[in-house]
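So the structure is just underneath, and the comments pick up after that.
None of the figures in this text is laboratory data; all of them are computed from the coordinates on show. Keep in mind that what you see is a predicted model, and the values were worked out from it rather than measured. For neighbour counting, all protein chains shown are included, and Cβ atoms are generated from backbone atoms with ideal geometry for every residue, glycine included.
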Amino acid sequence: MLEVRQRTAPLWNRQCIVCHDAATMNASLKPADLTRAAGLAHLARALPRLGQEYATRGHHAPDPGTPPTTGLLSPWLRLRLLTEQEVISAATAAQGAGAEKFIHAVFWRTYFKGHLEQHPELWHEYRVGLSDAQERLGGNRGLARLYGQAIGGTTGLDCLDAWSDELVRTGWLHHHVRMWFASIWIFSLGLPWQLGADFFAQHLLDHDPACNTLSWRWVAGLHTRGKPYIARAENIQRYTNGRFNPAHMLDEAPTTLAEPDPMPACPLPPPDGWPATATALLLHEDDLAPESLVPDYVRIVRIGVLASQSEASSLVRASRAVALADASARAEAAFGVTATLLADVAAVEAWSEGAPIATPYAPVGPVADALADALAGLDLHRIQRPWDQHHWPHCARGFFQLRAKVA
Ligand SMILES: Cc1cc2nc3c(=O)[nH]c(=O)nc-3n(C[C@H](O)[C@H](O)[C@H](O)COP(=O)(O)OP(=O)(O)OC[C@H]3O[C@@H](n4cnc5c(N)ncnc54)[C@H](O)[C@@H]3O)c2cc1C
């Protein structure tokens with residue numbers, strides 16, 4: 001009975017709703033917060049601000065220690081400790097039509113994931129571009145010094161230095177700050193965008209291959225071609241409430257970047273079905289809500305949890321370890337089977353003992369790369385969520401193609 005309840009009850013409203021003092025909500029996230037229970041409690045606390053307040057104040061980057069202006073839900077959404085669907089349902093239930101702007105924001109995540117899935121070459125080009133840029137650091141002392149100053153928070157540009165420090169210390173930056181940061185990195189400092197995307201990848205608690213890579217490309221004017229995002233001192237002053245004013249310190253009319261035309265979109269893979277026999281369930285950091293993925297009729301006989309594939313800061317690695325342990329405990333409770341932590345993909349074949357393996361579909365990124373290398377030849381079922389199956393086909397081109405479908 002317990003198992004059935006856990007697998008079918010609406011997931012977001014089963015937790016008690018704890019009211020916290022608004023001032024505490026902006027405190028830095030701790031690795032221990034990266035559990036589903038903490039995410040649900042956090043969602044409950046965020047709901048009151050996801051309507052009008054989000055629409056009017058969401059662009060303001062709050063001063064450290066002041067209440068947040070956005071949902072601060074991406075660390076849980078990124079790992080699918082919370083799903084897009086349940087967050088949107090909760091926001092709609094709480095705010096009705098007032099949640100439109102917030103919902104629109106959540107769809108950017110779906111969009112970027114669906115887009116990268118159909119343009120996987122962008123991920124591989126980013127990885128190659130990053131290696132090239134890292135190599136250039138070795139042979140160019142000026143570039144290496146500037147890069148060191150940018151990531152060390154010692155450029156002398158007080159906003160960028162403060163944001164570098166905030167990112168490294170807390171694993172977090174507000175969306176508008178990420179836009180300014182990336183724009184200043186690319187256009188005012190003239191650093192390769194791939195090095196900036198990698199700096200974010202090392203430190204963001206919500207680092208996501210699609211959202212990060214494509215957002216950096218978007219700022220650079222490579223996603224929406226020829227339309228870079230230019231950080232302006234006046235805009236920074238306004239939306240940081242006067243905390244920073246880099247007047248005359250930014251290049252506000254830069255030479256834009258260019259690259260060859262993109263390749264045509266790849267077809268999305270057809271969805272795999274669940275195995276008909278006793279199944280080995282392989283969980284990984286791209287989807288940690290097995291209770292809402294596995295249908296009641298599937299018989300899970302083994303659970304494996306793949307260790308994080310992220311090569312990131314100790315803060316990120318600690319938070320991923322907490323999230324994986326939490327998913328492991330929830331899966332054990334839901335399916336009545338002991339979970340095994342798998343240090344890497346090389347351990348998967350022996351762990352499965354020949355049973356068909358079902359795993360949440362890993363979108364383009366490190367987990368998918370690792371699984372593709374190691375699991376070729378195994379009976380592997382990559383299970384897509386209906387949410388992705390439904391929305392990704394509308395993400396091959398620009399965001400507004402998807403938006404028109406969900407409006
Ligand atoms: C250069 C750059 C790099 C980024 N890197 C990442 C990343 O690695 N991981 C990541 O999750 N987001 C990334 N973003 C997107 C966005 O900044 C964060 O999702 C957002 O700041 C999370 O804060 P929030 O939860 O308070 O967002 P809210 O404003 O409350 O939005 C709700 C949810 O919508 C989604 N969302 C909102 N805006 C975006 C967006 N532009 N793109 C994708 N999803 C969005 C997030 O899941 C977010 O939790 C990046 C943006 C930029 C400009």
Which whole-Hz ³J(HN,Hα) couplings does region 31-37 yield from phi under the Karplus relation 6.51 cos²θ - 1.76 cosθ + 1.60, θ = phi - 60°, glycine and proline marked x?
x, 4, 6, 7, 10, 5, 4
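Considering only DSSP beta bridges with both partners in the chain, what is the antiparallel share in %, to the nearest 5? Mind dumping the intermediate values first?
Numbers: 1 of 16 bridges.
Of all bridge pairs located within the chain, approximately 5 percent are antiparallel.
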Calculated from backbone phi, Karplus (6.51, -1.76, 1.60) coupling profile of region 163-170 in Hz, x at Gly/Pro
6, 4, 5, 4, 4, 5, 6, 10
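Given R₀ = 30 Å, FRET efficiency for residue 93-residue 63 by Cβ-Cβ distance, to 0.05?
Values: r = 31 Å, r/R0 = 1.03.
Approximately 0.45, to the nearest 0.05.
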What are the ³J(HN,Hα) couplings of region 79-90, residue after residue, when phi is run through the Karplus curve with 6.51, -1.76, 1.60 and θ = phi - 60°? Round to Hz, x for glycine and proline.
8, 6, 5, 10, 9, 4, 4, 6, 5, 5, 4, 5
FRET efficiency for residue 135 and residue 258, using Cβ-Cβ distance with R0 set to 30 Å, rounded to 0.05
0.85
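Sum up the charges of everything whose Cβ sits under 14 Å from the Cβ of residue 161, counting Lys and Arg as +1 and Asp and Glu as -1, but leave residue 161 out.
Numbers: positive: 169, 243; negative: 158, 165, 166.
With Lys, Arg at +1 and Asp, Glu at -1, the neighbours total -1.
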Please work out whether region 279-383 counts as rounded, prolate or oblate from its C-alpha gyration tensor, where a ≥ b ≥ c are the square roots of the eigenvalues and a/c under 1.5 means rounded, while otherwise a/b larger than b/c means prolate and anything else oblate?
oblate
Rounded, prolate or oblate: which one fits region 120-239, using the alpha carbon gyration tensor with axes a ≥ b ≥ c (rounded when a/c is under 1.5, else prolate when a/b beats b/c, else oblate)?
rounded
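Could you calculate the FRET efficiency of residue 350 with residue 168 from 1/(1 + (r/R0)^6), where r is the beta carbon distance between them and R0 is 41 Å, rounded to 0.05? Don't skip to the answer; put the middle values down first.
Numbers: r = 38 Å, r/R0 = 0.93.
The calculated FRET efficiency here is 0.60.
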How long are the semi-axes of the equivalent ellipsoid of the chain, defined as square roots of 5 times the Cα gyration tensor eigenvalues? Whole Å, largest first.
35, 26, 20
